[in-house]
Structure formats: C-alpha cells, structure tokens
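The values are calculated or read from the model by the stated rules, or taken from the named source; none is laboratory data. Remember, predicted model here, so these are calculated numbers, not experimental data. All Cβ positions, even for glycine, are placed from backbone atoms using ideal geometry, and neighbour counts span all protein chains on display.
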Amino acid sequence: MNITHRRLLLSTAAVTATLPFTSYLSAAQGTGATAAGTPVKGGTLSVHLASEQRILNSALRASTGVYIVTSKIIESLVDLDALGNVVPQLATGWQTSPDGKRITFTLRQGVKWHDGKPFTASDVQYNALELWKKHLNYGTAVQQYLETVDAPDDHTVVFNYSRPMPIGLVLRALADLGYVVPRTCTKTPTCWRTRPTRRLSAPARSSLCSTNAAPVNRR
C-alpha cells in the first residue's frame, strides 16, 4: 500500500492527540476513579471561568458568567427545572388577576439574610422598582410596564402593570431576571455594583448559603 505524505501526517497527528487522553485514563484507573467505581463524597471542584466579572450582582447584570458565581450567593423568585417548568424559589406561589395587570406572589417564610435580618416583601419591592426596572439589562424590557409594587404584608408582594402581562412569560423571565438582593445594603448605590457582602439563606437551599458562613467579599 502506498502511503502518501498527507496520510502519514494525519495518522501521526491522530496518534499524538490520543496520547494525553490515554494517559489520563491510565492514571484514573490507577486511582480507582472509573465510571464504574463508587462515588466519593467531598473534595474540591475547580472551574475555569473565561473572564472575570466586573459586577457580581445578578439583580443588576444578567449574564451567564455572573450567574455561575451569584447563584451560590443569592436567589431568584422562581427557577426552572430540568424540563423547563417553573418551580418555587423565594416565591412559593403566584396568581394573576383576570385582566392580567396584577400578579401576586407569596414569599417563602423563614428566610434570612446572612446578617440575620429577615427577607421580606420590601426587599422584592425595592429590587423590582429600583433595580430590575431601571438598571437590569433585559429586566428593563420585561418590567417596562410595571407601575407599582405593593407589599401588603411581609410575605406578599403585588406587581401592578399598566398593560396585561402573560404570567408564563413573566415567570420564565424571573428565573433569570428576578434575583433579589437586600434592600438595606443598596442604600449606598455603589454597594452592590462592586462588592456583594451579604448572603441569603433559606431552609430549602441551606447547603448553598448557611447563616453562619463567612460573608462573601468581591473586589
């Protein structure tokens, strides 16, 4: 069989490319880290991010890079499961008025910020009107018809729109555009733009954010 120069180069390149992978498999088998092995709980997972985010506040910046970090620090009103269904997060229930201009959310109880202060409807009220509507990219479009937000009690918040809003669209948008930061921190406008310092903890997600963990400081 005649071997051309091109075929020789391609064959050599293919063999060279498989060597690192083969070496990795050999090392993994030597340590027992095979697919058929018994999973070991614990350890450290290192994740490489393509870039460093300038803002670690998902109530002000909607970005995958931001979510990778901040989803371990703060939470949104709702989320989507693996099938794309809306599931409760900081909001445990929701309903819309017959004319579609009012959406009422029932908020999770027993949730506290890292400093021990309770998460309440006033936090959501402030985020919706002052952050999502005015500053959050994409959020400004979703909430452009939002007029007022009422907080009749600590665990109920009512969004009032000037036009009918499809509840399905709003809920799916809030999975990414509904992260809540503490209202008290944002008294200083630059506080959450540069360095989030308080974490949110809830019984449902205690593994992510425990109340006795050290505060997160980002620069």
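Tell me which residues, restricted to region 110-120, are on the phi < 0 side of the Ramachandran plot, out of contact with any strand residue (DSSP E or B) (no Cβ under 8 Å at 6 or more places or on another chain) and not acidic (D, E). Don't jump to the end; show me each part of the working.
Within region 110-120, the first condition is being on the phi < 0 side of the Ramachandran plot, and the residues that meet it are 111-115, 117-120.
So of that shortlist, the ones also out of contact with any strand residue (DSSP E or B) (no Cβ under 8 Å at 6 or more places or on another chain) come out as 115, 117.
Within region 110-120, K117 is the sole residue that qualifies.
What are the residues in region 77-88 that are surrounded by fewer than 21 Cβ atoms within 10 Å (Cβ to Cβ) and closer than 25 Å to Y126 by Cα, if any? First the steps, then the outcome.
Of the residues in region 77-88, the ones surrounded by fewer than 21 Cβ atoms within 10 Å (Cβ to Cβ) are 79-88.
Correct list: D79, L80, V86, V87, P88.
Inspection of region 100-113 identifies at least one residue that is over 15 Å from the mean Cα position of the chain (by Cα), surrounded by fewer than 14 Cβ atoms within 10 Å (Cβ to Cβ) and of a type outside the set (D, E). Exactly one residue among L45, L49, L56 is in contact with a Ser or Thr (Cβ under 9 Å, 6 or more places away or on another chain), more than 16 Å from V111 (Cβ to Cβ) and not assigned by TED's automatic domain parsing to the domain that holds G110, and that residue is L56. Counted as qualifying within region 41-99 are the strands (runs of 3 or more DSSP E) with 3 or more residues that are under 21 Å from K112 (Cα atoms) and modelled with pLDDT of 85 or more, namely 91-96. Residue pairs whose Cβ atoms lie under 7 Å apart, sitting 6 or more positions apart in sequence or on different chains, and linking a residue in region 43-66 that is touching a residue at least 24 places away in the same chain (Cβ under 8 Å) and surrounded by 10 or more Cβ atoms within 10 Å (Cβ to Cβ) to a partner that is among the β-branched types (V, I, T) and in a loop (DSSP other than H, G, I, E, B), are N57/V181; S58/I74; A59/V180; A59/V181; R61/I55.
Within the bounds of region 122-142, is there any residue that is surrounded by fewer than 17 Cβ atoms within 10 Å (Cβ to Cβ) and within 18 Å of R102 (Cβ to Cβ)? Yes, region 122-142 contains a residue that is surrounded by fewer than 17 Cβ atoms within 10 Å (Cβ to Cβ) and within 18 Å of R102 (Cβ to Cβ). Filter region 100-123 down to the residues that are assigned to a strand (DSSP E or B) and without any contact (Cβ under 8 Å) to a residue 60 or more places away in the chain and list them by number. Passing the criteria: R102, T104, F105, T106, L107, P118.
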